[in-house]
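Nothing in this text is a laboratory measurement; each read-out follows from the coordinates by a stated rule. Keep in mind the model is a prediction, meaning the values are calculated, not measured. Backbone-built Cβ (ideal geometry, glycine too); neighbour counts: all protein chains shown.
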């Protein structure tokens with residue numbers, strides 16, 4: 001009798017946990033989540049209604065454990081076995097339109113990659129979704145407004161949470177109608193503050209949302225500058241506190257680089273790294289953005305010296321690529337990682353700069369020589385290195401941060417090829433770019449979506465527990481690639 005009652009209690013608790021995970025998913029049909037900050041269109045202006053003061057935080061050990069383990073596990077299993085929607089379209093353009101309609105919804109709490117990712121991974125604003133406000137991408141007026149609104153609402157929501165939790169975190173998880181729980185997935189974030197600052201700068205028109213704003217003509221007009229200015233004014237002290245905490249936590253003034261005695265969670269958060277190239281470039285860009293937005297004083301000398309130090313420390317001249325991180329293992333084996341392409345995303349380096357072009361050209365040569373762009377662009381690295389990953393990732397999907405193909409980095413690689421062709425007129429770069437674009441189009445038609453990750457053979461990544469997002473909003477990067485390719489074709493036709 002007692003044992004039976006105990007089992008019943010456990011079953012009811014599990015059922016309650018699953019139900020609460022479902023209804024506090026901002027994207028479920030029966031979601032109870034409310035938007036504290038909303039945006040409306042009035043005579044082509046975007047007007048904010050800000051009720052962020054109604055946000056409450058749930059930060060005790062119960063809610064943090066629930067947010068990290070229960071909600072995450074429930075959503076991952078649901079995506080793997082119950083629901084991973086495919087586009088109904090049989091054309092590339094139709095698939096793109098379906099993804100936009102599915103992901104860029106102004107009536108939802110935030111911008112997310114989709115499927116099991118129902119929380120706000122704050123880095124997404126500046127990394128995976130940095131092309132959101134590219135005015136050159138072809139779209140309807142409604143789609144353009146949806147992209148601006150969902151981006152603006154997401155950064156506004158993040159600021160409302162950080163106003164009550166002035167410490168950067170990787171992830172904000174909805175745990176009640178207006179409740180949020182701030183957690184770090186794996187470690188303290190290297191790129192969360194960057195995501196917020198980048199988004200504000202892009203919304204203000206200070207960041208062009210593309211590595212090459214001068215290539216191609218704008219199709220849309222940015223409508224977010226006034227609203228973004230209001231957010232910057234209201235939350236400037238919050239951003240200053242976040243930057244102070246971030247800098248004091250990650251930066252070593254003795255070495256002038258990211259500290260070596262901590263692990264940080266960046267875009268490649270599944271891997272344990274020590275003073276990674278990615279994290280150092282992100283620190284450089286975060287500091288640059290903070291100064292540009294008036295959050296800290298400008299210091300051009302600091303940024304110039306930091307950039308030179310990063311290049312001197314991480315560039316491997318003999319091998320022709322950037323060192324992944326400064327761990328003993330990486331130093332010994334000269335590890336490569338494709339998230340070096342953050343140098344393009346952030347403007348840390350540019351293929352259009354003659355003095356910096358070699359970093360891109362030689363890295364492309366290294367990628368080709370080691371088949372990192374096979375069967376299409378681009379794997380994180382040419383081997384798995386599972387032992388470098390956190391336990392649960394190593395157990396569930398060891399290739400995820402290893403030899404899997406990541407569509408986001410693939411898009412940045414293709415942009416690099418196109419820009420190298422533009423500057424050098426070396427036809428091999430253009431041929432390679434066209435090959436990879438066509439490969440992605442075929443994969444999109446096969447999978448009826450734009451997956452987040454493919455396995456090393458170019459198939460949709462899935463294991464017994466995990467399945468890649470099939471229709472991720474990262475497709476906006478693919479649209480940017482096609483926009484850049486079309487602009488280069490038009491320029492060639494004119495000449």
Can you pull the Rg over Rh of region 407-491, Cα-only, Kirkwood? 1.03
Work out the FRET efficiency for residue 248 and residue 464 from their Cβ-Cβ distance, taking R0 = 45 Å, and round it to the nearest 0.05. 0.60
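Answer rounded, prolate or oblate for region 212-280, using the Cα gyration tensor with square roots of eigenvalues a ≥ b ≥ c: rounded when a/c is under 1.5, else prolate when a/b is larger than b/c, else oblate. Intermediate values should be presented prior to the final figure.
Values: a/c = 2.85, a/b = 1.59, b/c = 1.80.
It comes out oblate by the Cα gyration axes.
Sequence gap at least 6, Cα distance under 8 Å: using those rules, report the relative contact order of region 212-362 to the nearest whole percent. Don't skip to the end; give the middle numbers.
Details: 133 pairs, mean separation 27.5, N = 151.
This gives 18 percent for region 212-362.
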Find how many whole Å separate the alpha carbon centroid of region 150-223 from the alpha carbon centroid of region 246-319. 19 Å
Given only helices, namely DSSP H runs of n ≥ 4 each adding -39500 (n - 2.57), what is the per-residue ellipticity at 222 nm of the chain, to the nearest 500 deg cm²/dmol? -15000 deg cm²/dmol
The helix 72-81 Cα axis meets the longest alpha-carbon principal axis of the chain at an angle in degrees, between 0 and 90 and rounded to 10, of 80 degrees
Between region 469-490 and region 323-393, what's the alpha-carbon centroid distance in Å? 21 Å
Final fewest-first order of 186, 151, 366 on the 10 Å Cβ neighbour count is 366, 186, 151
Please state the Cα pair-distance histogram of region 201-248 with 10 angstrom bins from zero: what percent is in each bin? 22, 37, 28, 12, 0
Once label points are set 7 Å from the Cα along Cα→Cβ at both residue 395 and residue 42, what is their separation, rounded to one decimal in nm? 5.3 nm
Using a cut-off of under 20 Å, list every residue of region 451-466 whose amide N is near the label point 7 Å from the Cα of residue 105 along the Cα-to-beta-carbon line. 451-452
Spacing of the two label points (7 Å from each Cα toward its C-beta) at residue 353 and residue 138, in nm: 3.3 nm
When DSSP assigns beta bridges and you keep just the ones with both residues in region 2-494, what percent turn out antiparallel, to the nearest 5? 85 percent
Would you mind classifying region 67-148 by shape? Square roots of the alpha carbon gyration tensor eigenvalues, ordered a ≥ b ≥ c; an a/c under 1.5 is rounded, otherwise it is prolate if a/b is larger than b/c and oblate if not. oblate
Compute the length gained on full extension between residue 261 and residue 368: take 0.36 nm times their separation in residues and subtract their Cα-Cα distance, giving the result in nm to one decimal. 35.2 nm
Which order do 116, 370 fall in if you start with the one that has the fewest other Cβ atoms within 10 Å? 370, 116
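With a cut-off of 8 Å between alpha carbons and a minimum separation of six or more residues, what is the relative contact order of the chain in percent?
Working: 832 pairs, mean separation 80.7, N = 495.
Once normalised by length, the contact order is 16 percent.
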Tilt relative to the chain, helix 427-447 - C-alpha long axis, 0 to 90 degrees, to 10: 20 degrees
How much length is gained on full extension from residue 53 to residue 383, taking 0.36 nm per residue of separation minus their Cα-Cα distance? 114.0 nm
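Would you mind computing Rg(Cα) / (2.2 N^0.38 Å) for the chain, counting N as its residues?
On the way: Rg = 21.9 Å, N = 495, 2.2 N^0.38 = 23.2 Å.
In units of the 2.2 N^0.38 Å rule of thumb, it is 0.94.
Calculate, in nm to one decimal, what residue 309 and residue 334 gain on full extension: separation in residues at 0.36 nm each, minus their alpha carbon distance. Working shown, then result.
Numbers: separation 25, 0.36 × 25 = 9.00 nm, distance 1.81 nm.
Result: 7.2 nm gained on full extension.
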Per-pair calculated FRET efficiency, R0 = 45 Å: residue 300 and residue 77 via Cβ, rounded to 0.05: 0.35
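Got the relative contact order for region 343-495 handy, in percent, Cα pairs under 8 Å and 6 or more residues apart? Intermediate results must be reported in sequence, preceding the final value.
Details: 192 pairs, mean separation 31.9, N = 153.
Relative contact order here is 21 percent.
Could you put 55, 262 in order, starting from the residue whose Cβ has the fewest other Cβ atoms within 10 Å?
Numbers: 55 20, 262 15.
If I rank by nearby Cβ atoms, fewest first, I get 262, 55.
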Helix 407-424 versus the longest principal axis of the chain: what angle, 0 to 90°, nearest 10, using Cα atoms? 20 degrees
